[in-house]
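The values are calculated or read from the model by the stated rules, or taken from the named source; none is laboratory data. Remember, it's a predicted structure, so these values are computed and weren't measured experimentally. Heads up, the Cβs are rebuilt from the backbone with ideal geometry, glycines too, and the neighbour counts pull from every protein chain shown.
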There are 4 protein chains.
Amino acid sequence: MSKVRVGILGSTGSVGQRYVSMLKDHPWFDVAAVSASEASVGKKYKDAAKWVLDKEIPEGIGEEEIIGASPSEMKKAGVELVFSALPSDAAKRLEMEMVHAGLGVVADTSAHRMDPKVPLVIPEVNFEHLEAVDKQVEETGGFIVTGPNCTTIGLAISLKPVMASFGLKRVLVSTMQALSGAGYFGVPSMAILDNLIPYIKNEEEKVASELLKILGEYNTERFVDAKVRVGASCHRVCVLDGHTEAVFLETSEGASPEDVAKCMTEFVGEPQRLKLPSAPERPIIVRSEPDRPQPRLDRLSGTPERAKGMSTVVGRVRKESALDNGIKYVLLSHNTIRGAAGNAILIAECLKAKGII
Amino acid sequence: MSKVRVGILGSTGSVGQRYVSMLKDHPWFDVAAVSASEASVGKKYKDAAKWVLDKEIPEGIGEEEIIGASPSEMKKAGVELVFSALPSDAAKRLEMEMVHAGLGVVADTSAHRMDPKVPLVIPEVNFEHLEAVDKQVEETGGFIVTGPNCTTIGLAISLKPVMASFGLKRVLVSTMQALSGAGYFGVPSMAILDNLIPYIKNEEEKVASELLKILGEYNTERFVDAKVRVGASCHRVCVLDGHTEAVFLETSEGASPEDVAKCMTEFVGEPQRLKLPSAPERPIIVRSEPDRPQPRLDRLSGTPERAKGMSTVVGRVRKESALDNGIKYVLLSHNTIRGAAGNAILIAECLKAKGII
Amino acid sequence: MSKVRVGILGSTGSVGQRYVSMLKDHPWFDVAAVSASEASVGKKYKDAAKWVLDKEIPEGIGEEEIIGASPSEMKKAGVELVFSALPSDAAKRLEMEMVHAGLGVVADTSAHRMDPKVPLVIPEVNFEHLEAVDKQVEETGGFIVTGPNCTTIGLAISLKPVMASFGLKRVLVSTMQALSGAGYFGVPSMAILDNLIPYIKNEEEKVASELLKILGEYNTERFVDAKVRVGASCHRVCVLDGHTEAVFLETSEGASPEDVAKCMTEFVGEPQRLKLPSAPERPIIVRSEPDRPQPRLDRLSGTPERAKGMSTVVGRVRKESALDNGIKYVLLSHNTIRGAAGNAILIAECLKAKGII
Amino acid sequence: MSKVRVGILGSTGSVGQRYVSMLKDHPWFDVAAVSASEASVGKKYKDAAKWVLDKEIPEGIGEEEIIGASPSEMKKAGVELVFSALPSDAAKRLEMEMVHAGLGVVADTSAHRMDPKVPLVIPEVNFEHLEAVDKQVEETGGFIVTGPNCTTIGLAISLKPVMASFGLKRVLVSTMQALSGAGYFGVPSMAILDNLIPYIKNEEEKVASELLKILGEYNTERFVDAKVRVGASCHRVCVLDGHTEAVFLETSEGASPEDVAKCMTEFVGEPQRLKLPSAPERPIIVRSEPDRPQPRLDRLSGTPERAKGMSTVVGRVRKESALDNGIKYVLLSHNTIRGAAGNAILIAECLKAKGII
């Protein structure tokens, strides 16, 4: 099987770097093009990117020349599928240009997540939403699939098996989000040391609307939101990577904490059945210690090696007596792996497995 | 008016140090005795205490000799009222010894908070519970009043005016608590840097039970819990001082965020009416910025000077559509000032104002 | 005595905010004009400045209208003396425009520190360099006095009495500098959490050249560098405020650690003799504990209230056997108070005391 | 080749855990015994150790039963070589008991480092000091080899090639040391957040004396100190792992920064020549960026996989004009890998390669 040639839009930013790093030696994909803004075009990747990850730049990529972010350049490089890590303004415009030029796009940007024709996918949760791609291809020749906000993603994964087993009526979530979620330059050290910031712009709205689309259905015509009441309070804390979330929920049928933990532990989705390269063995790891998950200790959980950071880690599953059929727990999800590049790559693996690319 | 002579139990620990610091130049109280464990007795205070506050040891106290923690020693020093900052085991035993010897005790320890005869008091919230002191004096000659856990206290203050104006059915709170809440040596730096710990032993249970007692009534015979459903999820974050709490609540009657903010801002209690020395001008300060309160910026809010750290700072009051008549907000309360020594001193000022001491 | 009307260039930045905050209720100076870049002109100060200090904006200033950074605007506002907190490019141009228009300027910017006609002053160390102002006034009608880099300033203060008492041959310094030294947005949290950065652009060169000018002489014609060998290694650590420096030095005559500590403790300069409002009682505070100074505990040392953060705190004075007549110690200096606005205000107080303004 | 059976003294502490983790799947050694203090004897390892490393406990070891720390227990388990990670008091006594019982001991504890018969070894620096083992075996039947303090080790490695090429007269070092150097519970978060502590007990003395022994010679009779003047100033900063050190030095012969960087880069020692399993390909990695090494980015440098954290990373090699033939640079060394367990394991590999075990 020859590898699919992929391009990266916004390859020099911090999420772009994560794509470059995670696609290194990928069994199915080959990075054939790295693009960035005008100012970087023509430079070597290693000179254009201020590399911020702990691992070094993969050797081959460092020497690649940055190309312009246009469909024609992508096609010239033989690219079939484009990963987008663009800032929102550029995303809005450029992603659709790619689609209309007949390319496939997988984006973890927010620009098109809520578009009525665009699936918003976490492969373990709503693999079947990928069907909407067919209609896009029919209409435009290309297609776009999006992944959710980094805060929504671990929450949706943890809720899916509970909803399937016991029904879900109400979800309240309070987050403690990592600094990397705001981008490398997003939070000045002077703003956060010995401090926290109880506000992340638009985040609470995104969590609610995205969650309902993901947990909802695709009826071959359109996406229908799940019927769940969702509320969020979002906060930034002084942690490098890994979003922690305190979840309170009301199920339709009564379920003990043990029931909930069991259905989470046993949960697998299509990526696990298809044995996709980046699929974690277990989408949800439930820990039994009283004081876990902790971001520094648990954010890179998961097997195999390629799936480290792709599992949602859940702990402290317990009864919540202030809600009817109430359950509460704490979850942790790696915001720049599962919450961004990793989920997008897993979506691409699904597309390949389905024969779409 | 001559000053009341007070003693401090556990004066060398970090809460004890806060008492020493806050009682400096107090207009009504004079620190006449500092006690500590056997090993320190006879030493000068400045030699026995490993001083950890940013301000220097008040001069007079530094030279004081540590006395033993017995009622007779306290009485020999002419002490009328004892503040207790003891560790829980010692608190259980020693506080009652003081009471039975006819002394008054104000404790921010947990040992006797839930005792059916002991009032658990935040002066702005349930000043009237202090009536229970009379019965104690009748029975034993002495008395004890307790202050709540540092996590409960800001929450109770913020809820009081809402409950009074609109009724309260349900409260869910997710906390982001400061390191000092665990004591100076409580959290190793290796455990918390680039991390958070989503667990604080017994804390969630305390919040629920203490809140109901405080918001409940004293019917001259016993304390009757408030009828509110309360749930908590408690977490430690890398902040020195100041507990931040994300609160979701369901009121009995509908109220807009503006209504709620207004009733909080206008709220005053008995300490304000009595113009007590440590009473903050406003028990609740409501901020209108989208990203406040923040612990480092807001934890020392409040006027006058002596009341810095005594106000609860609330922000982001907004609608919560996942609950009926739902409201959510974020609060901040200084855990070692209002959450410990400061509240106890305010209780003592109430006792003095009522003529009990 | 009527107050001197002063203006602030670059008033909305983080150093500008420090000026605004420290000049509040100043007994000799009145903030008559706050200027900023074009985009802010005409706005209220409180709307133009993203206020980052822990204390609130002084009330009067918040309502002031931002004026343009031109000499004519300053003069229209009745300003006699201008404090400059401009970024370096703007400083280079604008400070001299002010001087040539006959205004007095006190700058803690680097643009003109090494100019042969411009004194670089720490009032306790080289008050006599202010004489150079006369010649400037003669030539241009106006004048400019500069204060040194935040890293040089505590070092120079600590060295002055040692040099005076025992002579100074060699100084090696290794710094651990605070985040605020890079400006509020200077160091991303992602760059420094669980990390340090062993590099600060141009800092080592500045320390060496500035130190020699300050410790040197003004011979009524020009500044003559001190004859000392100076080397520095500069590093950024995860501390909000307060530069800590490990100093190794070789004196000309032998001196015991006790001798050195004594001459530091006893050191006073002209600001102390003149009892200037912002002069700390003691320019150097020597601590005897084995583990001090520490930035969080000691950075606001000093009396009176107005001089908090103006003292250099020294500790661990001990022998260094790897150098002849070797001594080593650790010092701490508040980088945005003594290291910037505070030193500039103290210079202005000297100018007022000398009758120059 | 059958594996050498090794035991670990103090296996449940944080350095002990590092041994357990690094010896997992070691090609030459097999962990046959884990011992700890009385209270833990008989428990399973996973129950006795409060595991603090980010990686999980190696599976086999978790189920092992803790044995007592006596030579007879070690021998009963078939142990030939014992790694000691004991606290100093216990180390003083128990390590020698093992030796006198005929066992081999490799210790990174300080108890016996300066003993005149005990070699203090960094394999790349003074492999030849291992000869002293023969005499020990002759006298007692067993032997002990020690590794240096975590602060000395990276410094000695970086100095070795410079000394060999250009001679070394004077070394001044100012350290910025990681929290893990004080043990997991060593530094309370309240002590270090937004702070640094400019003092580490006895550290400066250790650096000087150990460095001279390591850089000195073994003349088949005794260890002769190197003739170098050494001075240190040691400080704790808020970094989890990785000691950073600013080094100033005076060489005998003039050398340019390029010369120094070159001799460091080319440096290899006996472990590299013997291709030992834990030997890093390059003992010193010299980086050319202006702002490296940084602890979070560089502490796990080195190849192959088993040697990550074993290389000393050097950067900013530059001239120091305040010293004759002056050079300065910054180094980084992983304090719990190369600075403790890793160096000890590399020593053991040397002993195996030499046929001593």
| field | Residues (within 25 Å of the chain's Cα centre (by Cα) and without any contact (Cβ under 8 Å) to a residue 12 or more places away in the chain) located in the range B:44-102 | value | B:Asp54, B:Glu56, B:Asp89, B:Arg93
| field | Among (1) of a type outside the set (Val, Ile, Thr); (2) closer than 26 Å to A:His129 by Cα; (3) touching a helix residue (DSSP H, G or I) at 6+ places or on another chain (Cβ under 9 Å), the one test that A:Arg5 misses | value | (3)
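Of these, C:Pro161, C:Pro119, C:Pro123, which one is in the same structural domain as C:Ala226 (by TED's automatic domain parsing), modelled with pLDDT of 95 or more and of a type outside the set (A, V, I, L, M, F, W, C)? Before the answer, list the steps.
Numbers: C:Pro119 fails: in the same structural domain as C:Ala226 (by TED's automatic domain parsing); C:Pro123 fails: in the same structural domain as C:Ala226 (by TED's automatic domain parsing).
Sole residue among the options that is in the same structural domain as C:Ala226 (by TED's automatic domain parsing), modelled with pLDDT of 95 or more and of a type outside the set (A, V, I, L, M, F, W, C): C:Pro161.
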| What number of residues within the range D:237-267 satisfy the criterion of being within 14 Å of chain C (Cβ to nearest Cβ), within 23 Å of the chain's Cα centre (by Cα) and within 22 Å of D:Arg282 (Cα to Cα)? | 7
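Are any residues in the range D:330-342 among the polar types (S, T, N, Q) and either surrounded by fewer than 24 Cβ atoms within 10 Å (Cβ to Cβ) or not in a loop (DSSP other than H, G, I, E, B) (or both), and if so, which ones? Talk me through it step by step, then tell me what you get.
So in the range D:330-342, the residues among the polar types (S, T, N, Q) come out as D:333, D:335-336.
Passing the criteria: only D:Ser333.
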| request: Give the range D:79-96 a look and list any residue that's more than 14 Å from D:Ile8 (Cβ to Cβ) and buried (at least 16 other Cβ atoms within 10 Å of the Cβ), or say none. | output: D:Met96
| Those residues of the range A:13-40 which are at pLDDT below 95 and either part of a loop (DSSP other than H, G, I, E, B) or among the basic types (Lys, Arg) (or both), in sequence order | A:Gly13, A:Arg18, A:Lys24, A:Asp25, A:Ala36, A:Ser37
| If a residue has to be free of Cβ contacts under 8 Å to residues at least 60 places away in the same chain, in contact with a helix residue (DSSP H, G or I) (Cβ under 7 Å, 6 or more places away or on another chain) and either in a loop (DSSP other than H, G, I, E, B) or outside the structural domain of D:Leu155 (by TED's automatic domain parsing) (or both) to count, how many in the range D:283-293 make the cut? | 1
| request: Tell me, yes or no, whether the range B:329-348 has at least one residue that is facing another protein chain (nearest Cβ under 9 Å) and either among the polar types (S, T, N, Q) or under 20 Å from the mean Cα position of the chain (by Cα) (or both). | output: yes
| Within the range C:306-329, is there a residue that is touching a Leu at 6+ places or on another chain (Cβ under 6 Å), buried (at least 20 other Cβ atoms within 10 Å of the Cβ) and not aliphatic (A, V, I, L, M)? | yes
| Yes or no: C:Ser189 assigned by TED's automatic domain parsing to the domain that holds C:Glu320 and buried (at least 24 other Cβ atoms within 10 Å of the Cβ)? | yes
| request: Quick one: in the range A:105-116, of everything that is surrounded by 24 or more Cβ atoms within 10 Å (Cβ to Cβ) and modelled with pLDDT of 95 or more, which residue is farthest from the chain's Cα centre (by Cα)? | output: A:Val105
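Starting from residues that are of a type in the set (D, E, K, R) and facing another protein chain (nearest Cβ under 9 Å), keep the ones in the range B:268-297 and report whichever is nearest to the chain's Cα centre (by Cα).
Going through the range B:268-297, the residues of a type in the set (D, E, K, R) turn out to be B:270, B:273, B:275, B:281-282, B:287, B:289, B:291-292, B:296.
Narrowing the set further to residues that are facing another protein chain (nearest Cβ under 9 Å) leaves B:289, B:291-292, B:296.
Numbers: B:Glu289: 27, B:Asp291: 26, B:Arg292: 22, B:Arg296: 19 Å.
Selected residue: B:Arg296.
Among the listed residues B:Gly302, B:Gly355, which satisfies the condition of being of a type in the set (Gly, Ala, Ser), in contact with a Lys or Arg (Cβ under 6 Å, 6 or more places away or on another chain), assigned to a loop (DSSP other than H, G, I, E, B) and away from chain A (no Cβ under 14 Å)?
Details: B:Gly355 fails: in contact with a Lys or Arg (Cβ under 6 Å, 6 or more places away or on another chain).
From the options B:Gly302, B:Gly355, the qualifying one is B:Gly302.
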| field | Exclusive hit being within 19 Å of B:Met176 (Cα to Cα), aliphatic (A, V, I, L, M) and surrounded by 18 or more Cβ atoms within 10 Å (Cβ to Cβ), set A:Val207, A:Val230, A:Val247 | value | A:Val247
| message | Tally up the residues in the range B:194-214 that are touching a residue at least 40 places away in the same chain (Cβ under 8 Å), closer than 25 Å to A:Leu249 by Cα and either away from chain A (no Cβ under 14 Å) or assigned to a helix (DSSP H, G or I) (or both), please. | response | 6
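Can you tell me which of A:Ala164, A:Ala191 is over 17 Å from A:Tyr329 (Cα atoms), in a helix (DSSP H, G or I) and touching a residue at least 12 places away in the same chain (Cβ under 8 Å)?
Working: A:Ala191 fails: touching a residue at least 12 places away in the same chain (Cβ under 8 Å).
Exactly one of A:Ala164, A:Ala191 is over 17 Å from A:Tyr329 (Cα atoms), in a helix (DSSP H, G or I) and touching a residue at least 12 places away in the same chain (Cβ under 8 Å), namely A:Ala164.
Matching residues to (1) over 27 Å from B:Arg316 (Cβ atoms); (2) modelled with pLDDT under 95; (3) assigned to a loop (DSSP other than H, G, I, E, B); (4) not assigned by TED's automatic domain parsing to the domain that holds A:Val207:
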site: A:Ala232; (1), (2), (3), (4): no, no, no, no
site: A:Thr244; (1), (2), (3), (4): no, no, no, no
site: A:Ala255; (1), (2), (3), (4): yes, no, yes, no
site: A:Ala279; (1), (2), (3), (4): yes, no, yes, no
site: A:Arg296; (1), (2), (3), (4): yes, no, no, no
site: A:Val317; (1), (2), (3), (4): yes, no, no, no
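For D:Asp25, state whether it is surrounded by fewer than 14 Cβ atoms within 10 Å (Cβ to Cβ) and closer than 22 Å to D:Gly186 by Cα. Give the steps one after another, and end with the answer.
Working: surrounded by fewer than 14 Cβ atoms within 10 Å (Cβ to Cβ): yes; closer than 22 Å to D:Gly186 by Cα: no.
No; evaluated as a whole, the condition is false for this residue.
What number of residues within the range A:44-78 satisfy the criterion of being part of a helix (DSSP H, G or I), under 23 Å from A:Ala101 (Cα atoms) and in contact with a strand residue (DSSP E or B) (Cβ under 9 Å, 6 or more places away or on another chain)?
Residues of the range A:44-78 part of a helix (DSSP H, G or I): A:45-48, A:59-62, A:71-76.
From what's left, under 23 Å from A:Ala101 (Cα atoms): A:71-76.
From what is left, the residues that are in contact with a strand residue (DSSP E or B) (Cβ under 9 Å, 6 or more places away or on another chain) are A:71, A:73-74, A:76.
The number of residues fulfilling the criteria is 4.
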| task | Scan the range A:319-345 for residues that are under 24 Å from B:Glu205 (Cα atoms) and either modelled with pLDDT under 95 or of a type outside the set (A, V, I, L, M) (or both) and jot them down. | result | A:Lys319, A:Glu320, A:Ser321, A:Asp324, A:Asn325, A:Gly326, A:Lys328, A:Tyr329
| said: Looking at the range C:160-174 only, could you name the residues that are buried (at least 22 other Cβ atoms within 10 Å of the Cβ) and facing chain D (nearest Cβ under 9 Å)? | reply: C:Val171, C:Leu172, C:Val173, C:Ser174
| task | Select from the range A:128-161 the residues that are closer than 14 Å to A:Gly216 by Cβ and assigned to a helix (DSSP H, G or I) and list them in ascending order. | result | A:Glu128, A:His129, A:Glu131, A:Ala132, A:Thr152, A:Ala156, A:Leu159, A:Lys160
